[in-house]
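All remarks here apply to the structure that follows.
The values are calculated or read from the model by the stated rules, or taken from the named source; none is laboratory data. Keep in mind the model is a prediction, meaning the values are calculated, not measured. Every residue, glycine among them, receives a Cβ derived from its backbone with ideal geometry; neighbour counts consider all protein chains shown. The protein model used for the area step is the full one, side chains on, heavy atoms only, and it has no ligands, DNA or RNA in it. Shrake-Rupley method; radii C 1.70, N 1.55, O 1.52, S 1.80 Å.
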Amino acid sequence: MARSLLRILTGYQHLASPPSMSPHLCHSSILSPFRSSFVRTMVALPLSFMPKPQDFSLPNSSWSAETMRLYDYYNNQCEVEKEVGEKQRGTWRRLPSYNRSLKYATGGACLSKLSQSKNRLFTRSIKTTGAAFEYVLFMNKEEERTVCIFQAGHLLEGPPGHVHGGAIATMIDSVTGTHAAFISGPMMTANLNINYRSPIPLGSTVLVISSLDNKEGRKMFFSCKVTSSDGSKLHTEATALFLSIKVSHLL
């Protein structure tokens, strides 16, 4: 990759050098502005070759009809029509989700760029769509509630044909943690209590619903439940405690 970018930059440098011209036809004072502007333009071009981060919260071909139905239901509430042809932000907001986040080593030393390039968010680390964690979060600040539409893939099996309890716990921690972070910034899980009520079939779509119960200084208390897509069946319920982290502790 580095060699390819070097060749591209070298090619731009050759392109940036203007063709030889007769001194009678072109004076250096006229050529210099052309050269500098041309070089600035061409050097900026490699940025366009950098891949844009993929938002994994958007629909893909692995999503079931039920997952899509719920996505459309909440996504349509992110914008509401104010007047004919005009829309305004609704009470719900879809939270984008990527597969990387900036990491720091213990003691405050930032990890090398090479290490950072290999980092992957746990729930977004499997490239095959539909194989593991397929989910999207919607948050409602007014209701202090976050709803996650979660579809579990075949790689999350625990009991035969059902989702592993650790995968369920991962989603509960991710949803409540994201909810907490959007309210108060960097957070850490201090306590997570989970009660499993009924197994979740692989490939099914469930709702992971997080609610803010209380806030005391650095502490934030949440309750969370995992239900069937229509809310008629309770699969799991949990409580979580998060502590806010000072930014200076991460640097």
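Starting from one equal scatterer on each C-alpha and no solvent at all, send me the Debye-based log10 I(q)/I(0) for segment 198-249 at q = 0.19, 0.32 Å⁻¹, two decimals.
-0.69, -1.18
Under 19 Å Cα to Cα from residue 52, which lysines show up? Leave out anything in the same chain fewer than 8 places away.
Qualifying lysines at Cα under 19 Å: 113, 118, 127.
For residue 211, what accessible surface area do you get with a 1.4 Å probe? Give it in Å², rounded to 10.
30 Å²
Sum up the charges of everything whose Cβ sits under 12 Å from the Cβ of residue 148, counting Lys and Arg as +1 and Asp and Glu as -1, but leave residue 148 out.
Details: positive: 94, 145, 225; negative: 134, 173.
The answer is +1.
Quote to one decimal, in nm, the extra length available between residue 91 and residue 62 on full extension: 0.36 nm per residue of separation minus the C-alpha distance between them.
Stretched out fully, the residue 91 to residue 62 stretch lengthens by 7.7 nm.
As a test question: what accessible area, to the nearest 10 Å², does residue 100 have when a 1.4 Å probe is rolled over all protein chains in place?
Here the accessible area works out near 120 Å².
With Rg and the Kirkwood Rh both taken from Cα atoms, where does Rg over Rh land for segment 109-251?
Numbers: Rg = 15.9 Å, Rh = 16.1 Å.
Reported Rg/Rh (Cα atoms, Kirkwood Rh): 0.99.
How much net charge surrounds residue 71 when only other residues with a Cβ under 12 Å from its Cβ are counted (Lys, Arg +1; Asp, Glu -1)? Mind showing how you got there, number by number?
Values: positive: 69, 94; negative: 66, 72, 134.
Residues near residue 71 contribute -1 overall.
In segment 116-189, which GluC sites (Glu not before Pro) fall in coil by DSSP and have 12 or fewer other Cβ atoms within 10 Å? List each step's numbers first, then the result.
Values: sites: 134, 142, 143, 144, 157; in loops: 142, 143, 144.
Qualifying residues, ordered by number: 142, 143.
Only sites in a loop by DSSP and with at most 13 other Cβ atoms within 10 Å count here; which chymotrypsin sites (Phe, Trp or Tyr not before Pro) in segment 121-172 make the cut?
Numbers: sites: 122, 133, 135, 138, 150; in loops: none.
Here no loop site has a sparse enough neighbourhood.
What figure in square angstrom, to the nearest 10, would you give for the accessible area of residue 55 with a 1.4 Å probe?
We get 30 Å² for residue 55.
Can you tally the net charge around residue 203? Count Lys and Arg as +1, Asp and Glu as -1, for every other residue whose Cβ sits under 11 Å from the Cβ of residue 203. Let's see the in-between values first.
Numbers: positive: none; negative: 66, 134, 157.
Result for the neighbourhood of residue 203: -3.
Only loop residues by DSSP count here, and only those with at most 14 other Cβ atoms within 10 Å; note down the trypsin sites (Lys or Arg not before Pro) in segment 199-251 that meet that.
Numbers: sites: 215, 218, 219, 225, 233, 246; in loops: 218, 233, 246.
Within segment 199-251, the qualifying trypsin sites (Lys or Arg not before Pro) (loop, at most 14 other Cβ atoms within 10 Å) are 218, 233, 246.
In whole Hz, what ³J(HN,Hα) sequence does segment 57-69 give by Karplus (6.51, -1.76, 1.60; θ = phi - 60°), x for Gly and Pro?
7, 8, x, 9, 5, 7, 5, 6, 4, 5, 5, 5, 4
Might you report the magnitude of the Cβ-based charge dipole of segment 125-251 about its Cα centre, with Lys and Arg at +1 and Asp and Glu at -1, to the nearest 20 debye?
Rounded to the nearest 20 debye, it is 260 debye.
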